[in-house]
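Encoded as structure tokens, the structure appears first; notes follow it.
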Amino acid sequence: MARSTLFRVLRPLSPRAKFTIGILAFVLPVGVWSLVSYVPAVWHPQIMITDAASVSYLDVGSHMARDAFDSEVADARQEGRAPPKGVRANPIYLPSPGEVLKAFYTSFTTPPETKDGQWLHQSLWHSIRIIFWGYVISSLIGVPLGVLCGAYAALGRVNEPFIEFFRYLPAPAFGALMVAILGIYDGPKIAIIVIGTFFQQVLIIANTTRKVDPALLEAALTLGTRSRQLLTRVVVPAILPDLYRDQRILLGWAWTYLIVAELIGTTSGITWFITQQARYQHFPNVYAAIAMIGIIGLGTDMLLAVLGRRLFPWDRSLAKFA
Amino acid sequence: MARRAALGLILVLMSVHAAGSARAAAPLRLGYSDWPGWVAWQIAIDKGWLREAGLDVKFDWFDYSASMEAFAAGKIDGDCLTNGDALVMGAGGARNVMIMITDYSNGNDMIVARPGIKSLKDLKGRKIGIEVGLVDHLLLLDGLKKQGMTQDDVTLVNSKTNETPQVLASGQVDAIGAWQPNSGLAMKALPGAHPVYTSAQAPGLIYDVLTVNPATIAAHRADYIKLIKVWDHVVSYINDPKTQDDAVQIMSARVGLTPEKYQLLLAGTHLISVAEGKKIFVRADGLGSLYGSTQNADDFNVRNAVYKQPQKIDGYIEPSLTAAQP
């Protein structure tokens, strides 16, 4: 019975099922992660040394492969020396959920250690500003251009082949050029976000525009709409909900360029935190920062989804799947 | 509508650009990155010694290669680099002259071998993970040469320096070449792994320098001379046992390490005072002179096709500013 209600093609879920399954989507991966982290039998390929005893080259807290450790213990026993002691552990590249949770908290509460240093929330805010401006600038040109390319075949033909080509070029490769033009601070970083987002944006929005219902156009023309009005009064309002959804996806797209963008010019934002912590192998902090980006991204998207339902109450697809 | 949007965009771009160039207008702008000899500048910055000396200098923190990009684009006036990389940048068209020496690596750069390999000689016919064309490749060749070996006696596996700890631990190579913290982390990741050759055995193979845009020397000659004087203060502050703890505290905070761990990195770096710097600026063959060391780096770069044309070493070295110190 339960099965037959859950798995029906293109049927929406009941609100309760939707909520429960949504929670499960997070519980399952975290559960797997916890299992790997806390149950030694699952993986734990290394030994963390707790007592070096007679082995001179071991340090307390260092990791070594299990078989190498076993042979050290066997050697020590055979020669009548005190064998080293240790506990099974995962490689330091995979911290446990508990460690990451703790790092999540402490990285916000640790004050900056240098005079000109920044708190983590300041770094995060800096990153958010970079994304915001990159996205706004890209959208200011990309959305109108996309709509025009979609609406007028000639304009589409002029622009799209080149854009189609350009969107494959790796945005970070333009870093040095952007530094030369825009300086070493926020300018080149914003530019990389724009380059990474803009070309996809034009193509996606042009495509969305082309999907406008032809019946609407015919009806409008029959009622005597002039060509200009056809665009502003019919096409744009018709695609608005889809356009809104495209813009949400593109905002996520912009975020994926953040790390490469912030490595250009002076090091700043959340990327400074991630790269520096990774360089010195403080992996719980690295994972915590990655989680922060995920939370900010998902949070914004959920907010925009709610807003979308308010703005476009007539749009069924938003209500169903958002 | 579209026109207004375009206007808005231009305004936004202009304000972003203006913010960048307004900040960049007046002071000398120098780049520095994560290496103990350059993190040392943080002491002068935090203590306010630059302002005390009447200097208007702005230090910007970069990722190492990003600092080279910024210099090449003319966005900063000077940058902290190795002497070999100063040549690389110059060969690419970004003229620069080395005006002072901050330090040389004194053990921080290492060839780390897995347990069971006792010396460089044992590496004959083995695989070595190294970032080809960078300083530790140079270190390896120097070590091999001393054993009467060449690069052909080993197999190089091109690896990112940041990833060398994992590369060595994977067991797929017999040794790696890296600088700190990577070399230390590699030994931690594979207990029993140990250095078979380090930069302490080849002092002066790699000098770390402040190199500047030659066009700025005329206008800022007095400033650079003052800056070098501040550097001397920094070196004595770090080396003096009474103030060393405070110095290490400031430096470790800059990179996010504990002072105890930073002490290890500092131990592998030989900071160069003005008095010592003057001697290294004397023209001579061999690694005791910046001229000899840079010539050696130039030969290496050409041989490894980092660039094609050998560089004119004299044009890269400006000893007069260090020599002008009392």
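The values are calculated or read from the model by the stated rules, or taken from the named source; none is laboratory data. Everything numeric in this text was worked out from a predicted model, so none of it was measured. Every residue, glycine as well, gets a Cβ built from its backbone with ideal geometry; the counts of neighbours run over all protein chains shown.
State all residues of region A:51-83 that are more than 10 Å from chain B (Cβ to nearest Cβ) and in contact (Cβ under 8 Å) with a residue 12 or more places away in the chain; if no residue qualifies, say none.
Once the filter is applied, which keeps residues that are more than 10 Å from chain B (Cβ to nearest Cβ) and in contact (Cβ under 8 Å) with a residue 12 or more places away in the chain, region A:51-83 yields A:Asp51, A:Ala53, A:Ser54, A:Arg66, A:Ala76, A:Arg81, A:Ala82, A:Pro83.
Within region B:166-186, track down each residue that is under 29 Å from B:Trp41 (Cα atoms) and touching a Ser or Thr at 6+ places or on another chain (Cβ under 9 Å).
B:Gly177, B:Ala178, B:Trp179, B:Gln180, B:Asn182, B:Ser183, B:Leu185, B:Ala186
Sort through B:Gly107, B:Gly93, B:Gly48, B:Gly54 and tell me the only one that's surrounded by fewer than 23 Cβ atoms within 10 Å (Cβ to Cβ), closer than 30 Å to B:Thr155 by Cα and small (Gly, Ala, Ser).
Only one candidate passes the filter, namely B:Gly107.
Got a sec? Which strands (runs of 3 or more DSSP E) wholly within region A:18-92 have at least 1 residues that are modelled with pLDDT under 90 and acidic (Asp, Glu)?
Strands (runs of 3 or more DSSP E) meeting the threshold: A:46-51.
Can you confirm whether region B:248-268 contains a residue that is modelled with pLDDT of 95 or more, acidic (Asp, Glu) and over 27 Å from B:Asp77 (Cα atoms)?
There is no residue in region B:248-268 that is modelled with pLDDT of 95 or more, acidic (Asp, Glu) and over 27 Å from B:Asp77 (Cα atoms).
Mind listing whichever residues of region A:174-217 are away from chain B (no Cβ under 12 Å) and either of a type in the set (S, T, N, Q) or free of Cβ contacts under 8 Å to residues at least 12 places away in the same chain (or both)?
A:Thr197, A:Gln200, A:Gln201, A:Asn207, A:Thr208, A:Thr209, A:Pro214, A:Ala215
Name the one entry in A:Ser62, A:Ser34 that is in contact with a strand residue (DSSP E or B) (Cβ under 7 Å, 6 or more places away or on another chain), surrounded by 11 or more Cβ atoms within 10 Å (Cβ to Cβ) and of a type in the set (S, T, N, Q).
A:Ser62
Inside region B:219-263, can you point out the residues that are within 12 Å of another protein chain (Cβ to nearest Cβ) and surrounded by 19 or more Cβ atoms within 10 Å (Cβ to Cβ)?
Passing the criteria: B:Ile250, B:Met251, B:Ser252, B:Ala253, B:Arg254, B:Val255, B:Gly256, B:Leu257, B:Tyr262.
Within region A:94-108, take every residue that is crowded, with 19+ Cβ neighbours inside 10 Å and assigned to a helix (DSSP H, G or I) and give me the one that is farthest from the other protein chains (Cβ to nearest Cβ).
Among residues in region A:94-108 that are crowded, with 19+ Cβ neighbours inside 10 Å and assigned to a helix (DSSP H, G or I), the one farthest from the other protein chains (Cβ to nearest Cβ) is A:Val100.
Give all pairs with beta carbons closer than 8 Å in which a residue from region B:189-215 that is within 14 Å of chain A (Cβ to nearest Cβ) meets a residue that is surrounded by fewer than 20 Cβ atoms within 10 Å (Cβ to Cβ) and aromatic (Phe, Trp, Tyr); count only pairs at least 6 apart in sequence or on separate chains.
Within 8 Å, the pairs are B:Pro191/A:Tyr57; B:Gly192/A:Tyr57; B:His194/A:Tyr57.
Residues checked against (1) over 20 Å from the mean Cα position of the chain (by Cα); (2) modelled with pLDDT of 90 or more:
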residue	(1), (2)
A:Leu216	yes, yes
A:Arg226	yes, no
A:Ile249	no, yes
A:Leu258	no, yes
A:Thr266	yes, no
A:Ala289	no, yes
A:Leu318	yes, no
A:Ala322	no, no
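Taking region A:45-59 as the region of interest, how many residues are farther than 16 Å from B:Ala193 by Cα and out of contact with any strand residue (DSSP E or B) (no Cβ under 9 Å at 6 or more places or on another chain)?
Final tally of qualifying residues: 1.
If you go through region A:109-134, how many residues are under 30 Å from A:Ala206 (Cβ atoms), crowded, with 16+ Cβ neighbours inside 10 Å and either within 12 Å of chain B (Cβ to nearest Cβ) or free of Cβ contacts under 8 Å to residues at least 40 places away in the same chain (or both)?
Selection size over region A:109-134: 3.
For region B:181-193, does any single residue satisfy the condition of being among the polar types (S, T, N, Q), at pLDDT 95 or above and crowded, with 22+ Cβ neighbours inside 10 Å?
No, every residue in region B:181-193 fails to be among the polar types (S, T, N, Q), at pLDDT 95 or above and crowded, with 22+ Cβ neighbours inside 10 Å.
Taking the condition of being of a type outside the set (Gly, Ala, Ser) and closer than 22 Å to A:His282 by Cβ, how many residues in region A:62-87 meet it?
Residues that pass the stated criteria total 3.
Taking the residues in region A:274-288 that are surrounded by fewer than 24 Cβ atoms within 10 Å (Cβ to Cβ) and among the hydrophobic types (A, V, I, L, M, F, W, C) as candidates, determine which candidate is nearest to the other protein chains (Cβ to nearest Cβ).
The selected residue is A:Ala278.
Look through region B:150-167, keep the residues that are crowded, with 19+ Cβ neighbours inside 10 Å and more than 12 Å from every other protein chain (Cβ to nearest Cβ), and return whichever of them is modelled with the highest pLDDT.
B:Val154
Quick check, is B:Phe300 farther than 30 Å from A:Gln277 by Cβ, touching a residue at least 40 places away in the same chain (Cβ under 8 Å) and touching a Pro at 6+ places or on another chain (Cβ under 7 Å)?
No; evaluated as a whole, the condition is false for this residue.
Would you mind stating whether B:Asp60 is of a type outside the set (Ser, Thr, Tyr), touching a residue at least 24 places away in the same chain (Cβ under 8 Å), closer than 18 Å to A:Gly183 by Cα and in contact with a Lys or Arg (Cβ under 8 Å, 6 or more places away or on another chain)?
Considered against the rule, which asks whether it is of a type outside the set (Ser, Thr, Tyr), touching a residue at least 24 places away in the same chain (Cβ under 8 Å), closer than 18 Å to A:Gly183 by Cα and in contact with a Lys or Arg (Cβ under 8 Å, 6 or more places away or on another chain), B:Asp60 comes out as yes.
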